[in-house]
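The values are calculated or read from the model by the stated rules, or taken from the named source; none is laboratory data. Bear in mind the structure is a predicted one, so any value in this text is a computation, not a measurement. Methodologically, a virtual Cβ is constructed for each residue, glycine included, from the backbone with ideal geometry; neighbour enumeration extends over all protein chains shown.
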Amino acid sequence: MDGSGELRELLDRQQIWACLLRYTRGMDRLDAALALSAYHPGAIEDHGAVIQPAEDFVARVLEFHRTRELATQHILSNHSCEIDGDIAHCETYVRCFAVMAEGPHILAFGRFVDRLERRGGRWGITSRVSLPEGAAHLERFDNRAGMTDDPATLAHGARDRSDISYRRPLPNTRD
């Protein structure tokens with residue numbers, strides 16, 4: 001492979017990773033537009049009990065996150081990606097920690113198996129199969145324990161576009 005082919009592959013891999021991260025950030029910030037930006041129109045999401053167009057799936061899941069959970073963190077890790085021109089097949093390990101409004105909190109883990117396509121220069125998911133592989137139920141969770149002597153001094157996040165991660169420029173002090 002010549003240098004330009006290697007550079008194209010590196011750029012594709014980075015763009016695919018950024019695409020997958022838009023989905024997780026969109027889920028955690030309850031930002032439908034951001035989560036949907038990871039998909040191409042007509043994409044299908046297979047989450048086992050639910051197989052539906054990505055637009056319907058994202059709306060359904062965000063409603064669940066909004067009404068039944070106080071916070072989530074979707075974390076992607078091990079990632080393999082086979083690129084063949086404008087098509088990629090990826091397997092990505094995912095963990096999701098959910099702080100539930102009622103009942104035990106959940107740490108779920110599994111894998112996303114994705115087909116992505118580059119259309120108009122943009123990579124997007126066209127088909128996803130979510131493979132759950134297990135979950136732990138936690139009775140107690142304290143999101144401030146051990147971080148400071150005065151938990152009230154810690155910055156607080158939000159599950160929408162008011163979250164500080166959307167602010168530009170990022171302030172050096174909190175208002």
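Considering each of Ile75, Ile87 in turn, give the residue that is out of contact with any Cys (no Cβ under 9 Å at 6 or more places or on another chain), within 29 Å of Glu9 (Cα to Cα) and either in contact (Cβ under 8 Å) with a residue 60 or more places away in the chain or β-branched (Val, Ile, Thr) (or both).
Numbers: Ile75 fails: out of contact with any Cys (no Cβ under 9 Å at 6 or more places or on another chain).
On inspection, the qualifying residue turns out to be Ile87.
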### Query
Exactly one of (1) surrounded by 13 or more Cβ atoms within 10 Å (Cβ to Cβ); (2) assigned to a strand (DSSP E or B) is unmet by Ser80. Its number?
(1)
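Taking Gly42, is it within 24 Å of Pro132 (Cβ to Cβ) and loosely packed, with under 14 Cβ neighbours inside 10 Å?
Numbers: within 24 Å of Pro132 (Cβ to Cβ): no; loosely packed, with under 14 Cβ neighbours inside 10 Å: yes.
Spelling it out, it is not the case that Gly42 is within 24 Å of Pro132 (Cβ to Cβ) and loosely packed, with under 14 Cβ neighbours inside 10 Å.
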## Note on the structure
For the stretch 11-31, the count of residues that are in contact with a Phe, Trp or Tyr (Cβ under 7 Å, 6 or more places away or on another chain) and crowded, with 20+ Cβ neighbours inside 10 Å equals 2
### Query
For the stretch 86-130, which residues satisfy the criterion of being of a type in the set (A, V, I, L, M, F, W, C), surrounded by 17 or more Cβ atoms within 10 Å (Cβ to Cβ) and farther than 24 Å from Leu30 by Cβ?
Ala88, Cys90
#### Entry: Count of the stretch 98-140 residues which are assigned to a strand (DSSP E or B), closer than 23 Å to Ala71 by Cβ and among the aliphatic types (A, V, I, L, M)
9
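I'd like the residue in the stretch 65-77 that is surrounded by 12 or more Cβ atoms within 10 Å (Cβ to Cβ) and not in a strand (DSSP E or B) and, out of all such residues, is farthest from the chain's Cα centre (by Cα). Talk me through it step by step, then tell me what you get.
Filtering the stretch 65-77 for residues surrounded by 12 or more Cβ atoms within 10 Å (Cβ to Cβ) gives 65, 68-76.
Right, trim to not in a strand (DSSP E or B) and you get 65, 68.
Details: His65: 13, Arg68: 18 Å.
The qualifying residue farthest from the chain's Cα centre (by Cα) is Arg68.
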### Message
Going by what's in this entry, would Gly3 be described as at pLDDT below 95, surrounded by fewer than 15 Cβ atoms within 10 Å (Cβ to Cβ), over 16 Å from Val113 (Cα atoms) and not polar (S, T, N, Q)?
### Response
yes
## Note on the structure
Going through (1) in contact with a strand residue (DSSP E or B) (Cβ under 9 Å, 6 or more places away or on another chain); (2) surrounded by 16 or more Cβ atoms within 10 Å (Cβ to Cβ) one by one, Leu34 fails only at (1)
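Looking only at the stretch 45-64, count every residue that is closer than 16 Å to Pro132 by Cα and either assigned to a strand (DSSP E or B) or modelled with pLDDT of 95 or more (or both) and tell me the total. Let's see the steps before the verdict.
Quick first cut of the stretch 45-64, residues closer than 16 Å to Pro132 by Cα only: 45-51, 61.
Narrowing the set further to residues that are either assigned to a strand (DSSP E or B) or modelled with pLDDT of 95 or more (or both) leaves 45-46, 51, 61.
The number of residues fulfilling the criteria is 4.
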### Matching residues, the stretch 131-162, being at pLDDT 95 or above and either surrounded by fewer than 10 Cβ atoms within 10 Å (Cβ to Cβ) or closer than 26 Å to Asp56 by Cβ (or both)
Leu131, Pro132, Glu133, Gly134, Ala135
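Determine, yes or no, whether Ala33 is assigned to a helix (DSSP H, G or I) and of a type in the set (Gly, Ala, Ser). Show your work before the answer.
On the way: assigned to a helix (DSSP H, G or I): yes; of a type in the set (Gly, Ala, Ser): yes.
Yes, satisfied.
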